[in-house]
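Trainee: Please see the structure below; I have some questions.
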Amino acid sequence: MKKYTYTEKKDTRSGFGAGLSELGKSNPNVVALCADLTGSLKMDAFEKEFPERFFQIGIAEANMMGIAAGLTIGGKIPFTGTFANFSTGRVYDQIRQSIAYSGKNVKICASHAGLTLGEDGATHQILEDIGLMKMLPGMVVINPCDYNQTKAATIAIADYEGPVYLRFGRPAIPNFTPTDQKFEIGKALMINEGTDVTIIATGHLVWKAIEAGEILSTRGISAEIINIHTIKPLDTDAILKSVLKTACVVTAEEHQMNGGLGDSVSQFLSRQRPTPQEFVAVNDSFGESGTPDELMKKYGLDTTDIVAAVEKVIKRK
């Protein structure tokens, strides 16, 4: 098992803020809109440096999406910012009708996604946002794994023409990917090559998958670990190449089992190469208040849950 280390833990929302600030300097067409959560989304630096390109919309998320769609007509590249719950569920009609249907070049940037929002509880812990967004025709869905990757993704999506959903979170997590990485939309990243099982992870679960791989290696199990930062379009070539070697797969995500990464992988494999699969995801449940670590353990999204899923799926080969 390849050894991964990190020197610090950082929140992925700060990676978004850093990437947005860098874009402000390099691309005069980038504008930012926020729904009264500038500090939480780490958009402060952009607001301070480029006040003429920052729009504080207030608690009016539907209006924010409509304004963003309109700004694209004048050649602007709008980045909207609010919590994931309010970026998707609250404004789904506006996204569908005003952005996705007409292919508007809006970047929907969503923080505080998943259970790791923590103490704010079930009403804010959206676990179905990936499913909502990936079902929209033409919508790109990205869920990076750490600060550096989130920063790189933020910068990269400005060059992509079309609607994008960028998902990130609040807790400080290991920052282990390179600072100078090139982010390619739709291109999976090999974390560790292995022969016995494929672990496909996204977002915060990528580091958990690395930890699980280290435990599995001590038990004589060689895990191939893939970081799927882009859930749509899915890197089906990387997935197929891996499962042809390992013959079984575990998917891991901070999202509902229904509609998430595992669902996309399963749909693809069922058509191309039926493969035993286990899911590490929330199983048809809302969240609750608690610390991020407590919730990840309770809802089966921890390192030990990935290890257990691997041991289970290998028996089905």
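Trainee: So in the range 118-158, with the set limited to residues that are charged (D, E, K, R) and at pLDDT 95 or above, which one is surrounded by the fewest Cβ atoms within 10 Å (Cβ to Cβ)?
Mentor: So, considering only residues that are charged (D, E, K, R) and at pLDDT 95 or above, the one surrounded by the fewest Cβ atoms within 10 Å (Cβ to Cβ) is Glu128.
Trainee: Also: Kindly indicate the residue of the range 220-250 that is of a type in the set (Ser, Thr, Tyr) and more than 14 Å from the chain's Cα centre (by Cα) and also nearest to Val164 (Cα to Cα) among those meeting that condition.
Mentor: Residues of the range 220-250 of a type in the set (Ser, Thr, Tyr): 222, 230, 236, 242, 246.
Next, only the ones that are more than 14 Å from the chain's Cα centre (by Cα) stay: 222, 236, 242, 246.
Details: Ser222: 35, Thr236: 19, Ser242: 27, Thr246: 32 Å.
Ranking the qualifying residues of the range 220-250, first place goes to Thr236.
Trainee: Modelled with pLDDT of 95 or more and farther than 24 Å from Lys151 by Cβ: which single residue out of Ala69, Ala35, Ala84 fits that description?
Mentor: Ala69
Trainee: Another question, then. I need the full set of residues from the range 299-317 which are loosely packed, with under 14 Cβ neighbours inside 10 Å and either within 15 Å of Glu214 (Cβ to Cβ) or free of Cβ contacts under 8 Å to residues at least 12 places away in the same chain (or both), in order please.
Mentor: Those that are loosely packed, with under 14 Cβ neighbours inside 10 Å and either within 15 Å of Glu214 (Cβ to Cβ) or free of Cβ contacts under 8 Å to residues at least 12 places away in the same chain (or both): Thr304, Lys315.
Trainee: If you check Gly121 against the conditions, is it among the small types (Gly, Ala, Ser) and farther than 27 Å from Lys76 by Cβ?
Mentor: Yes, satisfied.
Trainee: A follow-up question, please. Being within 29 Å of Ala172 (Cβ to Cβ) and under 19 Å from the mean Cα position of the chain (by Cα), is that true of even one residue in the range 97-107?
Mentor: yes
Trainee: So, one more: Which one of these is farther than 22 Å from Asn258 by Cβ and either at pLDDT below 95 or touching an Asp or Glu at 6+ places or on another chain (Cβ under 9 Å) (or both): Lys298, Lys317?
Mentor: Of Lys298, Lys317, the one residue that is farther than 22 Å from Asn258 by Cβ and either at pLDDT below 95 or touching an Asp or Glu at 6+ places or on another chain (Cβ under 9 Å) (or both) is Lys317.
Trainee: Between Glu184, Glu161, which is surrounded by fewer than 24 Cβ atoms within 10 Å (Cβ to Cβ) and closer than 23 Å to Arg13 by Cβ? Break it down stepwise before answering.
Mentor: Values: Glu161 fails: closer than 23 Å to Arg13 by Cβ.
Residue meeting the stated conditions: Glu184.
Trainee: Being free of Cβ contacts under 8 Å to residues at least 60 places away in the same chain and of a type in the set (A, V, I, L, M, F, W, C) is the filter here, so list the residues in the range 261-281 that pass it.
Mentor: Phe268, Leu269, Phe279, Ala281
Trainee: I would also like to ask the following. Quick one: count up the residues across the range 241-260 that are touching a residue at least 60 places away in the same chain (Cβ under 8 Å), surrounded by 21 or more Cβ atoms within 10 Å (Cβ to Cβ) and in contact with a Leu (Cβ under 9 Å, 6 or more places away or on another chain).
Mentor: 6
Trainee: Does the range 13-53 hold any residues that are outside any helix (DSSP H, G or I) and among the hydrophobic types (A, V, I, L, M, F, W, C), and which are they?
Mentor: Residues of the range 13-53 that are outside any helix (DSSP H, G or I), as a first pass: 27-43, 50.
Result: Val30, Val31, Ala32, Leu33, Cys34, Ala35, Leu37, Leu41, Met43, Phe50.
Trainee: How many residues are surrounded by fewer than 24 Cβ atoms within 10 Å (Cβ to Cβ) and either under 13 Å from Val250 (Cα atoms) or of a type in the set (A, V, I, L, M) (or both) when one looks only at the range 195-215? Full working, then the answer.
Mentor: The initial filter retains those residues of the range 195-215 that are surrounded by fewer than 24 Cβ atoms within 10 Å (Cβ to Cβ), namely 195-196, 207, 211, 214-215.
So of that shortlist, the ones also either under 13 Å from Val250 (Cα atoms) or of a type in the set (A, V, I, L, M) (or both) come out as 196, 215.
Residues flagged as surrounded by fewer than 24 Cβ atoms within 10 Å (Cβ to Cβ) and either under 13 Å from Val250 (Cα atoms) or of a type in the set (A, V, I, L, M) (or both) within the range 195-215 amount to 2.
Trainee: Just checking, does the range 252-263 include any residue being outside the structural domain of Ile142 (by TED's automatic domain parsing) and out of contact with any helix residue (DSSP H, G or I) (no Cβ under 9 Å at 6 or more places or on another chain)?
Mentor: yes
Trainee: Further, regarding this structure: Within the range 93-113, count every residue that is surrounded by 24 or more Cβ atoms within 10 Å (Cβ to Cβ) and of a type outside the set (Val, Ile, Thr).
Mentor: Total meeting the criteria: 6.
The values are calculated or read from the model by the stated rules, or taken from the named source; none is laboratory data. None of the values given here were measured: they were computed from a predicted structure. No Cβ is skipped: glycine too gets one built from the backbone with ideal geometry, and neighbour counts run over all protein chains shown.
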